[in-house]
2 protein chains.
Amino acid sequence: MVTIKDIAKLAGVTPSTVSRVLNHAGGYNDKTKTKIEQIAASLHYQKNEAASNLVAKTSNLIGVIITDSKSSFASPIIDSVEDTAYAHDIRILLAHCGLNDPKRLRFCLDLMAGQKVSGIISVAVQFDDDNLNYLESINIPLISLNVTVPHHPSIEIDDVQAAHDATTFLINRHYRKIALVAVDHSDPQTGIKRITGYKKALAEAHISLDPDLIVKGDFSFEAGVKAAKHLLSGDDWPDAIFAASDDAAAGVLSYAYTHHIKVPGKLAVLGFDDSHVAQIVTPALTTVKQPFSEMGRLAVQKIMAHDLAENVTVPYEILTRDSV
Amino acid sequence: MVTIKDIAKLAGVTPSTVSRVLNHAGGYNDKTKTKIEQIAASLHYQKNEAASNLVAKTSNLIGVIITDSKSSFASPIIDSVEDTAYAHDIRILLAHCGLNDPKRLRFCLDLMAGQKVSGIISVAVQFDDDNLNYLESINIPLISLNVTVPHHPSIEIDDVQAAHDATTFLINRHYRKIALVAVDHSDPQTGIKRITGYKKALAEAHISLDPDLIVKGDFSFEAGVKAAKHLLSGDDWPDAIFAASDDAAAGVLSYAYTHHIKVPGKLAVLGFDDSHVAQIVTPALTTVKQPFSEMGRLAVQKIMAHDLAENVTVPYEILTRDSV
DNA sequence: TAGGTTTACTCAAACGTTTGAGCTAATTTC
DNA sequence: GAAATTAGCTCAAACGTTTGAGTAAACCTA
């Protein structure tokens with residue numbers, strides 16, 4: 001393993017000088033500079049980050065905590081985080097905290113603390129009180145995507161408004177019996193907010209609320225199938241289904257397909273997220289697009305700029321494809 | 001920032017003892033042990049990994065290099081790598097190397113070398129000669145998933161055999177005019193191998209090869225759409241399409257849907273990978289399942305066990321759903 | 001009870017880098 | 001031409017941990 005000492009010896013200087021050259025710190029003349037750089041290159045010198053981090057007390061590492069990669073929106077976020085980080089010469093430490101697994105989340109935080117990451121980006125991670133306290137105690141800036149974490153900045157769309165606009169979008173297209181599907185009542189964030197927006201839009205249009213048209217679920221494909229089965233088994237069908245995720249919307253499409261229900265002819269389906277599946281499914285999903293790439297990029301930039309004062313609301317957009 | 005020195009002072013011992021206790025190294029009595037552990041807990045002590053890594057000369061970090069997360073199989077692999085790593089108290093350093101971007105791949109390797117990762121798992125990454133040489137020079141074990149990297153172990157399915165079996169699977173179901181779609185001729189690995197297997201199966205069944213039935217592409221949804229358009233525009237249709245990826249198969253389904261071609265009635269579609277989209281698409285894809293989770297798990301285990309002698313061929317499986 | 005062994009520690013060096021302070025010789029300033 | 005400044009280096013400490021070698025006391029053993 002080649003160190004700056006080796007380079008120093010060959011160049012006839014001390015390690016200090018080598019360090020200053022390699023870090024472009026100034027205080028050397030051009031001749032020694034080129035000499036040192038040549039030697040370093042020829043020896044395939046690689047800085048030992050551990051040593052460097054030890055004295056710097058930080059790590060140019062950003063921690064990314066996600067629940068798992070199954071949630072279809074993790075990928076685009078990670079992609080943009082990685083790309084942005086790459087451009088800034090920052091590395092990504094990835095950790096999964098599972099779903100509602102406080103012990104594992106705690107492990108993730110420990111890991112981040114141990115590595116002295118300069119910031120944490122959490123994606124759709126719900127913090128329990130214990131971990132929230134612990135997070136304060138380790139004193140690492142955190143920025144949360146998709147959900148709010150108390151006392152920490154977040155980057156999200158306005159879920160209430162988005163659900164409202166999406167519902168209104170359907171109403172404007174003359175759908176009246178609109179179901180909301182695969183939302184999680186127990187989710188204080190996304191779930192409740194989207195239900196609120198949905199109700200608000202109906203009220204504004206003077207459409208009476210039918211509680212049976214709100215079907216619980218967990219954002220998954222299966223939840224979509226189940227909800228569709230429930231809604232489309234009698235003969236009092238809704239004319240539009242607004243799903244809380246694209247996966248769930250795909251589930252609705254799947255059920256409709258197997259039961260020969262024409263989409264969008266007999267039934268309109270509206271998704272949420274604009275994840276990979278939205279374009280792949282047939283008919284392609286009209287959906288509420290979340291700007292995942294933008295969110296990932298912003299998160300990295302904010303951490304690097306130590307700009308963690310306030311929450312950011314990013315714009316959503318209703319993307320028209322073929323399912324409405 | 002609390003260090004072992006702080007703990008040592010409070011416990012009335014030296015840092016050495018604290019270190020040994022915290023690492024369960026033996027050589028202390030139970031009383032000091034519990035005392036030290038209590039103090040550590042109450043101070044929220046977090047080991048400084050940088051310092052630890054510096055003396056250990058490694059990092060209990062595993063590097064994962066992927067091209068990007070868009071390729072639908074990256075997610076399940078990363079998931080299982082993360083889970084396995086979590087169980088072994090290992091962390092994941094994630095890096096994207098882009099597609100055929102030697103400079104960025106080089107950056108990734110530098111990064112891994114600098115962090116002194118104990119091993120690299122590369123997912124579907126093709127190494128150019130320069131980077132291959134560089135990899136040798138930094139002397140970090142690498143295990144490659146999905147493609148072979150010269151002089152390094154890989155974990156893959158037998159692509160030739162898989163394509164052969166999949167084609168035979170179609171032949172046995174009385175399909176005769178079978179197209180192979182979205183394969184990359186220029187890809188010396190996956191592309192060529194799958195073409196080889198396909199041809200072999202046709203030859204064995206004494207079906208003459210029609211070169212027009214092999215349609216180039218890049219495994220993407222769009223490639224699938226394009227191929228379908230090309231194949232299904234005249235009137236001499238194939239009766240089955242074997243796509244080189246589930247995304248491409250979804251593209252075929254999409255084209256078929258919009259042009260009212262019944263699948264599997266008029267046309268059978270066979271996918272490859274069994275990625276997330278395979279189950280979500282309608283009709284659900286019959287596909288060649290790659291054991292991604294298993295592959296990720298194996299990769300981590302092999303790196304940890306320093307068992308990098310030979311290539312591993314993992315079993316694939318033809319998963320029957322509704323598209324054939 | 002003398003000898004040896006074990007237990008429970010301490011000491012100090014080491015890992016590779018960074019960085020403020022110090023030093024010398026060359027250059028500038030008035 | 002003496003004094004002040006600057007360029008280009010060196011010195012040595014520091015970061016927090018680990019670990020082999022050393023040591024003193026306690027415990028065996030015959």
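The values are calculated or read from the model by the stated rules, or taken from the named source; none is laboratory data. What you are looking at is a predicted structure, and each value in this text was computed from that prediction instead of being measured. FYI the Cβ positions are ideal-geometry reconstructions off the backbone, even for glycines, and counts take in every protein chain you see. The area values use the complete protein model at the heavy-atom level, side chains included, leaving out ligands, DNA and RNA. Shrake-Rupley method; radii C 1.70, N 1.55, O 1.52, S 1.80 Å.
Can you name the residue in the stretch A:1-44 that is within 18 Å of residue B:111 (Cβ to Cβ) and either over 44 Å from the mean Cα position of the chain (by Cα) or near DNA strand C (Cβ under 6 Å from one of its atoms) (or both) and is also surrounded by the most Cβ atoms within 10 Å (Cβ to Cβ) among such residues?
Restricting to residues being within 18 Å of residue B:111 (Cβ to Cβ) and either over 44 Å from the mean Cα position of the chain (by Cα) or near DNA strand C (Cβ under 6 Å from one of its atoms) (or both), the top hit is A:22.
I'd like to know if the stretch B:300-307 contains one or more residues that are polar (S, T, N, Q) and outside the structural domain of residue B:185 (by TED's automatic domain parsing).
Let us first name the residues in the stretch B:300-307 that are polar (S, T, N, Q), namely B:301.
Next cut, outside the structural domain of residue B:185 (by TED's automatic domain parsing) only: B:301.
For the stretch B:300-307, residues polar (S, T, N, Q) and outside the structural domain of residue B:185 (by TED's automatic domain parsing): present.
Residues checked against (1) of a type in the set (Val, Ile, Thr); (2) under 26 Å from residue B:116 (Cβ atoms); (3) without any contact (Cβ under 8 Å) to a residue 24 or more places away in the chain:
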residue	(1), (2), (3)
B:12	no, no, yes
B:18	yes, yes, yes
B:35	no, no, no
B:50	no, yes, yes
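Strands (runs of 3 or more DSSP E) wholly in the stretch A:257-324 with at least 2 residues that are touching a Phe, Trp or Tyr at 6+ places or on another chain (Cβ under 8 Å) - which ones?
Counting at least 2 such residues, we get A:268-273, A:286-289.
Hey, can you tell me all the residues within the stretch A:296-314 that are open to solvent by 40 Å² or more (accessible area, probe 1.4 Å) and among the charged types (D, E, K, R)?
Matches in the stretch A:296-314: A:297, A:307, A:310.
Which members of the stretch B:76-107 meet the condition of being at the interface with chain A (Cβ under 10 Å from one of its Cβ atoms) and under 23 Å from residue A:277 (Cα atoms)?
B:76, B:77, B:78, B:79, B:80, B:96, B:98
Quick one: which of B:143, B:207, B:171 is in contact with a helix residue (DSSP H, G or I) (Cβ under 8 Å, 6 or more places away or on another chain), closer than 15 Å to residue B:270 by Cα and at pLDDT 95 or above?
Residue meeting the stated conditions: B:171.
Residue B:66 is checked against (1) touching a His at 6+ places or on another chain (Cβ under 7 Å); (2) not assigned by TED's automatic domain parsing to the domain that holds residue B:142 and fails just one. What number does that condition carry?
Only one criterion in (1) touching a His at 6+ places or on another chain (Cβ under 7 Å); (2) not assigned by TED's automatic domain parsing to the domain that holds residue B:142 is unmet by residue B:66, namely (2).
Can you confirm whether residue B:196 is open to solvent by 20 Å² or more (accessible area, probe 1.4 Å) and either assigned by TED's automatic domain parsing to the domain that holds residue B:70 or of a type outside the set (S, T, N, Q) (or both)?
Considered against the rule, which asks whether it is open to solvent by 20 Å² or more (accessible area, probe 1.4 Å) and either assigned by TED's automatic domain parsing to the domain that holds residue B:70 or of a type outside the set (S, T, N, Q) (or both), residue B:196 comes out as no.
Any residue that is away from DNA strand C (no atom under 16 Å from the Cβ) and touching a Phe, Trp or Tyr at 6+ places or on another chain (Cβ under 7 Å) - is there at least one of those in the stretch A:65-73?
Looking through the stretch A:65-73, at least one residue is away from DNA strand C (no atom under 16 Å from the Cβ) and touching a Phe, Trp or Tyr at 6+ places or on another chain (Cβ under 7 Å).
Residue B:115 fails exactly one of the following numbered conditions: (1) touching a helix residue (DSSP H, G or I) at 6+ places or on another chain (Cβ under 6 Å); (2) surrounded by fewer than 23 Cβ atoms within 10 Å (Cβ to Cβ); (3) under 22 Å from residue A:43 (Cβ atoms). What is the number of that condition?
(2)
Go over the candidates A:245, A:233 one by one and state the one that is of a type in the set (Gly, Ala, Ser), buried (at least 17 other Cβ atoms within 10 Å of the Cβ) and out of contact with any Gly (no Cβ under 6 Å at 6 or more places or on another chain). Lay out the reasoning, then the answer.
Details: A:233 fails: buried (at least 17 other Cβ atoms within 10 Å of the Cβ).
Only one candidate passes the filter, namely A:245.
Please verify whether the stretch B:61-75 includes one or more residues that are more than 9 Å from chain A (Cβ to nearest Cβ) and over 30 Å from residue B:129 (Cα atoms).
For the stretch B:61-75, residues more than 9 Å from chain A (Cβ to nearest Cβ) and over 30 Å from residue B:129 (Cα atoms): absent.
Which of the following residues is touching a Leu at 6+ places or on another chain (Cβ under 8 Å) and open to solvent by 70 Å² or more (accessible area, probe 1.4 Å): B:47, B:57, B:70?
Exactly one of B:47, B:57, B:70 is touching a Leu at 6+ places or on another chain (Cβ under 8 Å) and open to solvent by 70 Å² or more (accessible area, probe 1.4 Å), namely B:47.
Whether any residue in the stretch B:139-152 is facing another protein chain (nearest Cβ under 10 Å) and within 15 Å of the chain's Cα centre (by Cα) is what I want to check.
no
Modelled with pLDDT of 95 or more and of a type in the set (S, T, N, Q) - does that describe any residue in the stretch B:289-300?
Yes; the residues of the stretch B:289-300 include at least one that is modelled with pLDDT of 95 or more and of a type in the set (S, T, N, Q).
I need the full set of residues from the stretch B:1-54 which are within 6 Å of DNA strand D (Cβ to nearest atom), within 14 Å of chain A (Cβ to nearest Cβ) and in contact with a Gly (Cβ under 8 Å, 6 or more places away or on another chain), in order please.
Across the stretch B:1-54, the qualifying residues are B:47, B:48.
Is it true that residue A:87 is surrounded by fewer than 21 Cβ atoms within 10 Å (Cβ to Cβ) and modelled with pLDDT of 95 or more? Walk me through it before giving the result.
On the way: surrounded by fewer than 21 Cβ atoms within 10 Å (Cβ to Cβ): yes; modelled with pLDDT of 95 or more: no.
Here the answer is no, as residue A:87 does not meet what is asked.
Being more than 14 Å from chain B (Cβ to nearest Cβ) and either without any contact (Cβ under 8 Å) to a residue 40 or more places away in the chain or among the hydrophobic types (A, V, I, L, M, F, W, C) (or both) is the filter here, so list the residues in the stretch A:110-124 that pass it. Give the derivation first.
At the first step, the residues of the stretch A:110-124 found to be more than 14 Å from chain B (Cβ to nearest Cβ) are A:119, A:122, A:124.
A:124 - this is the single residue of the stretch A:110-124 that is more than 14 Å from chain B (Cβ to nearest Cβ) and either without any contact (Cβ under 8 Å) to a residue 40 or more places away in the chain or among the hydrophobic types (A, V, I, L, M, F, W, C) (or both).
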